[in-house]
Amino acid sequence: MTSELDIFVGNTTLIDEDVYRLWLDGYSVSDAVALRVRSGILEQTGATAAVLQSDTMDHYRTFHMLERLLHAPPKLLHQLIFQIPPSRQALLIERYYAFDEAFVREVLGKKLSKGTKKDLDDISTKTGITLKSCRRQFDNFKRVFKVVEEMRGSLVDNIQQHFLLSDRLSRDYAAIVFFANNRFETGKKKLQYLSFGDFAFCAELMIQNWTLGAVGEAPTDPDSQVDDMDVDLDKEFLQDLKELKVLVADKDLLDLHKSLVCTTLRGKLSIFSEMEANFKNLSRGLVNVAAKLTHSKDVRDLFVDLVEKFVEPCRSDHWPLNDVRLFLNQYSASVHSLDGFRHQALWDRYMGTLRGCLLRLYHD
Amino acid sequence: MPGKLKVKIVAGRHLPVMDRASDLTDAFVEVKFGNTTFKTDVYLKSLNPQWNSEWFKFEVDDEDLQDEPLQITVLDHDTYSANDAIGKVYIDIDPLLYSEAATVISGWFPIYDTIHGIRGEINVIVKVDLFNDLNRFRQSSCGVKFFCTTSIPKCYRAVIIHGFVEELVVNEDPEYQWIDRIRTPRASNEARQRLISLMSGELQRKIGLKVLEMRGNAVVGYLQCFDLEGESGLVVRAIGTACTLDKLSSPAAFLPACNSPSKEMKEIPFNEDPNPNTHSSGPSTPLKNQTYSFSPSKSYSRQSSSSDTDLSLTPKTAPSPQGPRIYLCPSSPPLSCGSLHLKKSCLLLSDSSLAPHHCSLGSPVLRKSVSFSEELFLAASGMGSGSAGKEGGPFKALLRQQTQSALEQREFPFFTLTVFPPGFLVHVGGVVSARSVKLLDRIHNPDEPETRDAWWAEIRQEIKSHAKALGCHAVVGYSESTSICEEVCILSASGTAAVLNPRFLQDGTVEGCLEQRLEENLPVGCGFCHIPYDELNMPFPAHLTYCYNCRKQKVPDVLFTTIDLPTDAMVIGKGCLIQARLCRLKKKAQAEANATAISNLLPFMEYEVHTQLMNKLKLKGMNALFGLRIQITVGENMLMGLASATGVYLAALPAPGGIQIAGKTPNDGSYEQHISHMQKKINDTIAKNRELYEINPPEISEEVIGSPIPEPRQRSRLLRSQSESSDEVTELDLSHGKKDAFVLEIDDTDALEDVHSLLTDVPPPPGFYSCNTEIMPGINNWTSEIQMFTSVRVIRLSSLNLTNQALNKNFNDLCENLLKSLYFKLRSMIPCCLCHVNFTVSLPEDELIQVTVTAVAITFDKNQALQTTKAHIEKSLQRASADTEELLQFPLELCSDSLPSHPFPPAKEHLESASSNSGIPAAQRATSVDYSSFADRCSSWIELIKLKAQTIRRGSIKTTVTVEKANPMGEGNFRNRSAPPCASSTVGVVKMTPLSFIPGAKITKYLGIINMFFIRETTSLREEGGVSGFLHAFIAEVFAMVRAHVAALGGNAVVSYIMKQCVFMENPNKNQAQCLINVSGDAVVFVRESDLEVASVQQPTANCQPLCAGGEVTT
């Protein structure tokens, strides 16, 4: 006796959250059944393995049919085929678009193209996440990217509107899209200690301050960057950053800057002497990072540079986080007292964001 | 030219991409009705076109309106090649043809293609302008309402139940026409869908005509089926019960408990007050009622009511209210029957004194006084003639005579109803069924479907004679079915033989209305169990005892029926689903040899199914089956039998004996041991089941005060006080001892296996119950969560081990596993009950068995405490009323001794008792509120409302004010308890249920029948996820289309939903599959009983149900 056909269709579509998770995690039906058996569900319900198998198959089939709709969540809301209560719809969408930290760290900043997709195999082996799940997550990133890439307006809002995600998840996706678009390098060994959260935090600051949309003014040329105000960095701004070079190139300015900072911080830092000794190096590092941002290659290396030029030197001298904060605050504020420096606004736009990023990046 | 159909195409959405180059679609729409076609403009390059067309107007005959579906085709415009069809929508416009149903169809419909499934949606608006047709000889029957529901629909009352209507239409199956060889599968499927749609329209119209002929205005329990006879054609047949229905004008009249607490409550009492004789005020004004129901154009079709004078009010509908009484007495031997009436009239009193829990807002006081006088009148007429017959026989005879007169002119006194107005069902004889094996031949002339007609007529005749043999004149819960394999067809019909109360059956006179009291002549809760046949001349050997409830009449030891459990039936414990499953191998044969082989097997199958049912019933410790449905399916090389029913323990029937196993060779020691081991297992199972289903018949406590069922006690005492001879009581006691155990002989392996299979049936996991009837006996605190589902399984038998035993085991496992799967899937709903579990078996191929199950899972409130407190209150109320009852006996006796000229004093007495009664619950209320239990608050709230109705009647405004204050408070409570409303979704939720009601809600409007037929075919089976993926998607699509149609009609639920056919064929080698599905149901609008947590409110509602229903009918 073999079962040829075995289906269950409810007027209200039954969604089993546990099975959904297993499906999202990319387990095959038999693996999912095995995992469910291990969870002790048979003992709880007195069911047999065959029942569990049939139930899992049913759910998998349902999810498979729903997947097409989940690719465009508003469709899920308007479709007539599956009657699903709104709260469940939200759950389906949110879980479908959720991603694994380990996975996102692997692809963050990478081009979301076919080439990368081939690397998914490697990622799968490396992270232990099933290839199927990797595919889903990658495709989600790509899909969201494709939809919002060319859209004007707030990135987070666009994502929220087109994918009906929660605020938190929309922000994460905004970061992913932003990173993918600017191709920031995140995979280097020295960046491994950073979490997705760290990057997402930086991304949000950068979106807020360094993109065209951040300026809040309509671009002069309507044809040029109308569509991706939140996704691309403000090119003019990056060009202007070259002007900051004077802070390190002009020896007098650099000395003056150093003395201003040191005077204020004397006695307030536990690592004052190290700071004093390193000031010029650090300042050079930070300003050079800014000056290099004109080249897109260097933009990609932003985080590598930041870690190399600032985080690592400080860490090797065992700066406490609080001292880093005091230093950065003073470092950026003191520039206002430099009479010979004319790019105060530019400096604030740059350092304001960078300070936030560096503080977030500064940990073990 | 009596109708104008208007259609507007508004927009489309989610259309498929038809042009690969642009990823877009240039869509336009063709709207076709009959032979007229309109087209919209092409909406270029969009997947969400906005056509916003003009109104397309079709001027058509109403005959066409009934027959034809509106056909909407969405196409992709192609400049160079033929336009590609995207899909179609068929809209049945029948619901627009009756006045009370929908007025407009408007909404999003899934665009359906038989090859691709649903492809986007289209927004359509449809309206119909009907003109009156003055032609008496018209062919249309617009305005006749159709209901799939097998009970009187909730917001109607039955004035007359006319009886059986049937019709069948035949045609050639397009799939088998020569042209099918050259056309595409799509064209063939569409031709078939369209033809079936046309045929059902025609069938419905013809049935409607028959109903009009009978002077009815509705068909209830409408069941339409298709027989796909293959080569020989396509038969669409339908049966139903013609009724004259009357819409209940005040929706709150009988359901105060279910109403939202605000508006209606306030109005009704006031409405009633100035004019207590209105429609809803009870039986005191039957004359008025009748007038009402026939008042022009209110409840009747727009077309005919004004034109057809026969149907409007005529003088003959207006005799005096006493008419039927007078009619009744002379036509019967008054000598003996009268005394019986007398006795029963006392019983009536005991009932009506319970009036405080009557849900009816109508004045119980008034009703009582009237009924009382009527009863006295009757009783006295009996008294006048003298003696008191002990047996109910003469009364039965009288009833029989009467009913006969009402039923005799009918060819087939059949009723497709399974639930009846109280009092309608007098006695139930048992299940009657008939089968016949026929060889199909080509239908030569579709216009003369005589052969098929004759076949059915033959079967019906047989059913009728079976019923007669059981001493019954009518068959209720009647249904017909077929099973076809190649050219052999088994026609089956089954029903329950019954004796009916003639009051609903009278044609064209008001008598029906006035027979109301007759219903109460019968002891409530056990009357239907009493045997209708002659004890000395029994049609079959049965073991009779005196009724355990009333101790007066004889009852059989077990009762099998096809109907639902009567609402007033007294049941002990809970019920459960009982199934008998059976397979028999059969040699492959051709034509007549095959038919003969099948005919020879059938009786054995019937017998075995029956034995299995009986064994399982006993194993469950129960004594009656309801909703019995035996399905025999024929396949190439086997026959399958599947019987499903709901077992219950009826208080009126004797306790079932155990099952005793007897071996053939009693000398063998080990064998003996084996047998005794088995016996022990069986006994244990019975004991366990009794515990599980809470079957504790109150045998011992019978005479103890405070017995769990006070009514029998009360009644027996009443009887005794009514000068019953004492020897009857002793006789009763004798009957206690007689309990024969059922002996099962294990004389061969077959029987051994039977016993095993008995024991392998696993009970549902804790928290689950299942039944195949509308409601689960013993559970009445339903909550609002429902989940309707369809589950399909197909297994392939390995042809190696095809023995009967192996087959049986396979089949048994299939069904058991299916049930287990259901329990597992629905575990999140625990505690819940699977209701209306409907199994269908088919044998699509040699080694394939397909089982389709449709059922609904309903949650209920586990908290038994709530129930028991409620029950406690109710009980004490009953006791209280019983007390007042006793007080009343004196006046009653006095009265019956005197002449009928004094009917009023007792009535007055009663009036006072009623008021004092209403005082008692008040006291109860005071305490119950303190429990702070929700249920209590609810019930007390309901009591308050009832009280309010009464107090207003009595003119006390003071209490009214307090009640008014209490209302919002209670409401607030409910609100707090209710779940937070879900965020508004763009798609309205449409509930579907095979039941005739929605728990926790009130149906306010019936929008019309949904009857849909779909074909789905694929040539890429693997790509669609194999057979499971294909069928899963298709069933989901069918649900979606049903929901969309209901929503477009303005409804939010389908009740009495049924999947009548699910024919699945596959050809995996060719990567093909095809499936045909036919579903039907009633589209309705329901209103949640406010937003309150329904659990506790539903419970009192259900408790009152018999009474409620009583109110409903008597209004």
| field | Extreme residue, surrounded by the most Cβ atoms within 10 Å (Cβ to Cβ), among residues of the range B:1026-1061 that are within 11 Å of another protein chain (Cβ to nearest Cβ) and assigned to a strand (DSSP E or B) | value | B:VAL1054
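Restricting the search to the range B:23-55, which residues are assigned to a loop (DSSP other than H, G, I, E, B) and hydroxyl-bearing (Ser, Thr, Tyr)? Walk me through it before giving the result.
Of the range B:23-55, the ones assigned to a loop (DSSP other than H, G, I, E, B) are B:23, B:25-26, B:34-35, B:40-42, B:44-49, B:51-55.
Of everything in the range B:23-55, those that are assigned to a loop (DSSP other than H, G, I, E, B) and hydroxyl-bearing (Ser, Thr, Tyr) turn out to be B:THR25, B:THR40, B:SER46, B:SER53.
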| query | Are any residues in the range B:822-869 farther than 15 Å from B:MET788 by Cα, modelled with pLDDT of 90 or more and hydroxyl-bearing (Ser, Thr, Tyr), and if so, which ones? | reply | B:THR840, B:SER842
| In the range B:813-838, what count of residues is obtained for those that are assigned to a helix (DSSP H, G or I), within 11 Å of chain A (Cβ to nearest Cβ) and either small (Gly, Ala, Ser) or buried (at least 18 other Cβ atoms within 10 Å of the Cβ) (or both)? | 13
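Every residue, every condition in (1) surrounded by fewer than 18 Cβ atoms within 10 Å (Cβ to Cβ); (2) of a type outside the set (S, T, N, Q); (3) away from every other protein chain (no Cβ under 14 Å); (4) part of a loop (DSSP other than H, G, I, E, B), yes or no:
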site: B:ILE9; (1), (2), (3), (4): no, yes, yes, no
site: B:ALA21; (1), (2), (3), (4): yes, yes, yes, yes
site: B:LYS57; (1), (2), (3), (4): yes, yes, yes, no
site: B:GLU63; (1), (2), (3), (4): no, yes, yes, no
site: B:ASP78; (1), (2), (3), (4): yes, yes, yes, yes
site: B:ALA82; (1), (2), (3), (4): yes, yes, yes, yes
site: B:VAL89; (1), (2), (3), (4): no, yes, no, no
| The listed residue being touching a residue at least 12 places away in the same chain (Cβ under 8 Å) and either more than 7 Å from every other protein chain (Cβ to nearest Cβ) or not small (Gly, Ala, Ser) (or both), out of A:VAL33, A:VAL51, A:VAL9 | A:VAL33
| field | Listing of helices (runs of 4 or more DSSP H) fully contained in the range A:63-131 that carry 2 or more residues being within 12 Å of another protein chain (Cβ to nearest Cβ) | value | A:73-78, A:86-97
| task | State all residues of the range B:105-140 that are of a type outside the set (D, E, K, R), out of contact with any Ser or Thr (no Cβ under 8 Å at 6 or more places or on another chain) and modelled with pLDDT under 90; if no residue qualifies, say none. | result | B:VAL128, B:LEU130, B:PHE131, B:ASN135, B:PHE137, B:GLN139, B:SER140
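Test B:LEU212 against the stated conditions and say whether it is outside the structural domain of B:CYS1075 (by the TED database) and farther than 25 Å from B:TYR478 by Cα. Walk me through it before giving the result.
On the way: outside the structural domain of B:CYS1075 (by the TED database): yes; farther than 25 Å from B:TYR478 by Cα: no.
It is false that B:LEU212 is outside the structural domain of B:CYS1075 (by the TED database) and farther than 25 Å from B:TYR478 by Cα.
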| query | How about the range A:16-30: which of its residues are out of contact with any His (no Cβ under 8 Å at 6 or more places or on another chain), within 13 Å of another protein chain (Cβ to nearest Cβ) and surrounded by 15 or more Cβ atoms within 10 Å (Cβ to Cβ)? | reply | A:VAL29
| note | Of those in the range B:988-1023 that are out of contact with any helix residue (DSSP H, G or I) (no Cβ under 9 Å at 6 or more places or on another chain), crowded, with 21+ Cβ neighbours inside 10 Å and of a type in the set (S, T, N, Q), the residue nearest to the other protein chains (Cβ to nearest Cβ) is B:THR993
| query | Could we say that B:THR773 is in contact with a Pro (Cβ under 9 Å, 6 or more places away or on another chain) and either away from chain A (no Cβ under 12 Å) or of a type outside the set (S, T, N, Q) (or both) here? | reply | no
| surrounded by 16 or more Cβ atoms within 10 Å (Cβ to Cβ), assigned by the TED database to the domain that holds A:PRO320 and more than 18 Å from A:SER337 (Cα to Cα), is that true of A:LEU302? | yes
| request: Inspect the range B:230-238 for any residue being in a strand (DSSP E or B), closer than 30 Å to B:GLY1000 by Cβ and at pLDDT below 90 and give the result as yes or no. | output: no
| query | Do we have any residue at all in the range A:99-112 that's in contact with a Ser or Thr (Cβ under 9 Å, 6 or more places away or on another chain) and farther than 30 Å from A:SER296 by Cβ? | reply | no
| note | Within the range B:402-426, residues more than 19 Å from B:VAL220 (Cβ to Cβ) and either at pLDDT 85 or above or among the hydrophobic types (A, V, I, L, M, F, W, C) (or both) come out as B:VAL426
| query | So, in the range B:562-579, of the ones that are among the β-branched types (Val, Ile, Thr) and farther than 30 Å from B:SER481 by Cα, which residue ends up surrounded by the fewest Cβ atoms within 10 Å (Cβ to Cβ)? | reply | B:VAL571
| Filter result for the condition that a residue is at positive phi and at pLDDT below 85, over A:GLY267, A:GLY213 | A:GLY267
| Sole exception among (1) surrounded by fewer than 23 Cβ atoms within 10 Å (Cβ to Cβ); (2) under 26 Å from B:TYR1057 (Cβ atoms); (3) within 9 Å of another protein chain (Cβ to nearest Cβ) for B:ARG796, by number | (2)
| Out of B:GLY163, B:GLY208, which single residue is on the phi > 0 side of the Ramachandran plot, of a type outside the set (S, T, N, Q) and not in a loop (DSSP other than H, G, I, E, B)? | B:GLY163
| query | Just to be sure, is B:ASP61 of a type in the set (Asp, Glu) and within 22 Å of B:ALA1047 (Cβ to Cβ)? | reply | no
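Residue-wise test of (1) in the same structural domain as B:PRO994 (by the TED database); (2) hydroxyl-bearing (Ser, Thr, Tyr); (3) in contact with a helix residue (DSSP H, G or I) (Cβ under 6 Å, 6 or more places away or on another chain); (4) without any contact (Cβ under 8 Å) to a residue 40 or more places away in the chain.
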position: B:ALA597; (1), (2), (3), (4): no, no, no, yes
position: B:LEU601; (1), (2), (3), (4): no, no, no, yes
position: B:PHE604; (1), (2), (3), (4): no, no, no, yes
position: B:GLU608; (1), (2), (3), (4): no, no, no, yes
position: B:LEU613; (1), (2), (3), (4): no, no, no, no
position: B:LEU617; (1), (2), (3), (4): no, no, no, no
position: B:ALA624; (1), (2), (3), (4): no, no, no, no
position: B:LEU628; (1), (2), (3), (4): no, no, no, no
position: B:THR633; (1), (2), (3), (4): no, yes, no, no
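For the range B:451-463, indicate whether the set of residues that are part of a helix (DSSP H, G or I) and farther than 30 Å from B:ASP564 by Cβ is non-empty. Before the answer, list the steps.
If we filter the range B:451-463 for residues that are part of a helix (DSSP H, G or I), which is where we start, we get B:451-463.
With farther than 30 Å from B:ASP564 by Cβ added as a condition, the list becomes B:451, B:454.
There is at least one residue in the range B:451-463 that is part of a helix (DSSP H, G or I) and farther than 30 Å from B:ASP564 by Cβ.
The values are calculated or read from the model by the stated rules, or taken from the named source; none is laboratory data. Keep in mind that this is a model prediction, so the values were computed, not measured. Note: ideal-geometry Cβ built from the backbone for every residue, glycine included; neighbour counts use all protein chains shown.
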